[in-house]
């Protein structure tokens, strides 16, 4: 079987534009993991690679790597390659309709997509659609008001007062922490609205009561009719005020929590209630003292996949294909040990040391020297039988990476 695995940031979606370093590290890690798993399952893999990355010869196990110089090359090669492979998997954000449009292009060209269906992507990308579906099946969501992005600021302040601080302002179609702010009082409202306008194309945005609890997610595989929760994942999220950037910093799999069963059931219910969600799906939630609170549904591969693939007792890429193509789910899935993954900001490495960095086992996404400024971002991964050992391995990899970049020589 032949498959095209396309990741939007790595594969040319930002050709001719500035690379966002933190998103690049997540995108490359997901791409590398998914390609490796499809190869292990016996697939022939094609992928696209932005020419600025191709010159560094990064470690990817793909059989065919197509260099991409311009955004036009993405559309042209996506159509042509989709016609000549058995399946296509797209890794891309929902914001701005990117994921929906790319999957639509694959389907229009006659390609077989292993992604969620276009209608499922559209529903899951709209947080209010998700909350309405959650309400239908009796799941809790944050107290939420939808506001017009051009609404008078006095009206927006009134909405905020009625909900009560602290609050979250975020785009209705945002991904991760994009455009998100935490507000403690009404003096921050104007700046928060401006931030949403900058980072979203939507005409409306969400004002939401901040929910206290454990930031987490559930990874599932779905046939479209039945969804199977696989892992409960911990998330490391930095929630910032309007003048700073909120960010996703990494996570760990699995998260041991007394509400694991309730989280699994909530994730299953919301995925099945939305409809059109097949293959891999991620459900973000907050675990309070009493119950899970649904925050959003991601109709695509999420960064937690990088950790999940280290601990489950089956090949997750093949499981996605089986769910979509044969409506078959893994039997008796379980996990072994703990996987930690974390973004690490480091000085931009000189290209000559990249081969040495590629040899570091724990550096799953190297800090490519292609972004603006003096810094870059890596994603480091560890797996061990217990959490403390995994954390020790993570820190060891970080020290080795910094040693190489700062000229410390061979670090292993």
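Could you say which residue among 36, 95, 82 is surrounded by fewer than 21 Cβ atoms within 10 Å (Cβ to Cβ) and modelled with pLDDT of 95 or more?
Values: 95 fails: modelled with pLDDT of 95 or more; 82 fails: surrounded by fewer than 21 Cβ atoms within 10 Å (Cβ to Cβ).
None of the other options fit; the residue is 36.
Comparison of 403, 385, 376 shows that the only residue that is more than 24 Å from the chain's Cα centre (by Cα) and more than 22 Å from residue 255 (Cβ to Cβ) is 403. Does the range 196-206 contain at least one residue that is at pLDDT 95 or above and not assigned by TED's automatic domain parsing to the domain that holds residue 292? No, because not a single residue in the range 196-206 is at pLDDT 95 or above and not assigned by TED's automatic domain parsing to the domain that holds residue 292.
If you go through the range 1-33 and keep only what is over 17 Å from the mean Cα position of the chain (by Cα), within 14 Å of residue 69 (Cα to Cα) and surrounded by 24 or more Cβ atoms within 10 Å (Cβ to Cβ), you end up with just 12. Would it be correct to say that residue 63 is more than 25 Å from residue 282 (Cα to Cα), more than 19 Å from the chain's Cα centre (by Cα), surrounded by fewer than 18 Cβ atoms within 10 Å (Cβ to Cβ) and modelled with pLDDT under 95? Here the answer is no, as residue 63 does not meet what is asked. Here residue 208 passes the criteria (1) over 18 Å from residue 342 (Cβ atoms); (2) touching a helix residue (DSSP H, G or I) at 6+ places or on another chain (Cβ under 7 Å); (3) touching a residue at least 60 places away in the same chain (Cβ under 8 Å) except the one numbered (2). Just so you know, in the range 125-159 the residues that are over 24 Å from residue 288 (Cβ atoms) and in contact (Cβ under 8 Å) with a residue 60 or more places away in the chain include one that is surrounded by the fewest Cβ atoms within 10 Å (Cβ to Cβ), and it is 147. Scanning the range 160-174 for residues that are at pLDDT below 95 and either in contact with a strand residue (DSSP E or B) (Cβ under 8 Å, 6 or more places away or on another chain) or surrounded by fewer than 21 Cβ atoms within 10 Å (Cβ to Cβ) (or both) yields 170, 171, 172. The set of residues in the range 364-373 being at pLDDT 95 or above and either over 14 Å from residue 60 (Cβ atoms) or over 22 Å from the mean Cα position of the chain (by Cα) (or both) consists of 367 alone.
For (1) in contact with a helix residue (DSSP H, G or I) (Cβ under 6 Å, 6 or more places away or on another chain); (2) not assigned by TED's automatic domain parsing to the domain that holds residue 192, each residue gets a yes or a no:
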{"site": "123", "(1), (2)": "yes, yes"}
{"site": "138", "(1), (2)": "no, yes"}
{"site": "147", "(1), (2)": "yes, no"}
{"site": "159", "(1), (2)": "no, no"}
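Of the residues 239, 230, 220, the single one that is crowded, with 19+ Cβ neighbours inside 10 Å and more than 14 Å from the chain's Cα centre (by Cα) is 230. Residue count for the range 356-373, restricted to those that are free of Cβ contacts under 8 Å to residues at least 60 places away in the same chain and closer than 19 Å to residue 253 by Cβ: 3.
The values are calculated or read from the model by the stated rules, or taken from the named source; none is laboratory data. All values derive from a computational prediction rather than experimental measurement. Ideal geometry is used to build each Cβ from the backbone, glycine not excepted, and the neighbour counts take in all protein chains shown.
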